[in-house]
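Just below is one structure, and these are the notes that go with it.
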Amino acid sequence: MADAKLIDGRAFAVGLRHRVAKGVAELVATGGPKPGLATILVGADPASQVYVRSKGKLAAELGMASFDYRLAAETTEAELLALIAKLNGDPAINGILVQLPLPKHIDTSHVLLAVDPAKDVDGFHPINVGRLGSIVSGAPLDFPVPCTPLGVSMLLQDALGSLSGRHAVVIGRSNLVGRPVAQLLLRADCTVTITHSRTRDLPGLCRQADIVVVAIGKREFVRGDWIKPGAAVIDVGINRIVAAAGRTRLVGDAAFAEILPVAGYLTPVPGGVGPMTVACLMFNTLQAARRAAGLKVV
Ligand code: GUN
């Protein structure tokens, strides 16, 4: 059998970013507001600094206004909540992203609850989590959906067309990826099995899957002989490993070389799901600005 077709998330993300830039330009040309994204970083975690910088930079590139809040690691929860309340009330801000993880002295659930659900471009507010879990099959997503799961579902629908009736095995049950991916696939009329560290016979379940989505943060966890020939494998994992000569390299949660000759479709790491996350954040920000202006989502 031929090798799996690689799903090029980088190329898809470029296309999505172009569509968002066009949407921003159209919104502004018709007298609408310039979409505004506020990013908040508490503390100076180097990886988070890189993420936040890339989000602000891309927002500006796509014609949005970007507001970058860098707070000291010792910022109190009350101070952070006060900033969020100010941004909730500011009409120039359509999206508020609080970079996670937060320092330990701040209760993340209080922070996620404080963000106006209409500005919750991460889709983490309990109201938006509930909407995702209770929508009617086929109904439009007219509320923010978590970015990485949205990217996963866009890539799958682009590669496979209709997902209806397919059996999807989701490995990992996190709030950030596993659960919202499962909800999106259920909405697309997949039969969804959510699996986790206590699941019995995970390889056997995977062998029944038309779609495997893995997000558990364990390098090369899913093996080639777990995969049904022709299945689609979406690898959300990003694990940094030390390779030859002390260099580091990124590998996914799926054993790429073993799966390549078996699967029908496979996302590489890097260049698969990764680039979709920030592109979907921009998409969510545009949608929030359209809703704020009383327009339909695109
Ligand atoms: N930290 C890691 N991933 C994410 C994400 O998608 N959103 C936010 N806000 N923080 C993160």
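The values are calculated or read from the model by the stated rules, or taken from the named source; none is laboratory data. Please read these numbers as outputs of a predicted model, since none were measured by experiment. Here Cβ is always computed from backbone atoms with ideal geometry, including for glycine, and neighbour counts include all displayed protein chains. Side chains included, ligands, DNA and RNA excluded: accessible areas come from the protein's heavy atoms. Shrake-Rupley method; radii C 1.70, N 1.55, O 1.52, S 1.80 Å.
If a cysteine in the chain has no other Cys Cβ under 4.7 Å from its own Cβ, put it on the list, ordered by number.
Cys with no partner Cβ under 4.7 Å: C190, C206.
Give me the Kirkwood hydrodynamic radius of the chain, using the inverse of the mean 1/r over all pairs of distinct Cα atoms, in Å to one decimal.
Details: mean 1/r = 0.0502 Å⁻¹.
It is 19.9 Å.
Relative contact order for the chain using alpha-carbon pairs under 8 Å, separation at least 6, rounded to a whole percent?
Here the relative contact order equals 22 percent.
For a Förster distance of 22 Å, can you work out the FRET efficiency between the beta-carbons of S54 and K22, rounded to the nearest 0.05?
0.60
Using r as the Cβ-Cβ distance of D107 and M1, and R0 as 41 Å, what FRET efficiency do you calculate, to the nearest 0.05?
0.20
For helix 9-29, report the angle its Cα long axis makes with the longest principal axis of the Cα atoms of the chain; keep it between 0 and 90° and round to the nearest 10°.
30
For the chain, with all protein chains present and a 1.4 Å probe, just round the carbon and sulfur fraction of the accessible area to a whole percent.
Reported share for carbon and sulfur atoms: 57 percent.
Give the cross-link partners of K104 among the lysines, using a straight C-alpha distance below 25 Å as the criterion and excluding same-chain residues fewer than 8 apart.
K55, K86, K119, K218
Rounded to the nearest 5, what % of DSSP beta bridges with both residues in the chain are antiparallel?
Just about 10 percent of them are antiparallel.
Which value in nm describes the separation of the simple spin-label points at T199 and A78, placed 7 Å from the Cα toward the beta carbon?
With each label point 7 Å from Cα toward Cβ, the separation is 4.5 nm.
What's the angle, to the nearest 10 degrees (0 to 90), between helix 147-160's Cα axis and the longest principal axis of the chain?
Approximately 50 degrees, to the nearest ten.
Compute the helix-to-body angle for 46-61: its Cα long axis versus the longest principal axis of the chain, expressed 0 to 90° and rounded to tens.
Once rounded, one gets 70 degrees.
Per DSSP H run of n ≥ 4, the term is -39500 (n - 2.57); total these for the chain, divide by its residue number, and report the mean residue ellipticity at 222 nm rounded to 500 deg cm²/dmol.
The per-residue figure over the chain is -12000 deg cm²/dmol.
Over its Cα atoms, what ratio of radius of gyration to 2.2 N^0.38 Å does segment 195-246 give?
1.28
Would you give the gap between the C-alpha center of segment 1-79 and the C-alpha center of segment 243-259, rounded to a whole Å?
Cα centroid to Cα centroid, the span is 27 Å.
For segment 151-298, what Kirkwood radius comes out of the mean inverse Cα-Cα distance, in Å?
16.0
Work out the P(r) tail for segment 69-140: percent of alpha carbon pairs separated by more than 18 Å, whole number.
42
Where only protein heavy atoms count, and the probe is 1.4 Å, what is the accessible area per residue for the chain in Å²?
Ligands and nucleic acids excluded, the figure is 46 Å² per residue.
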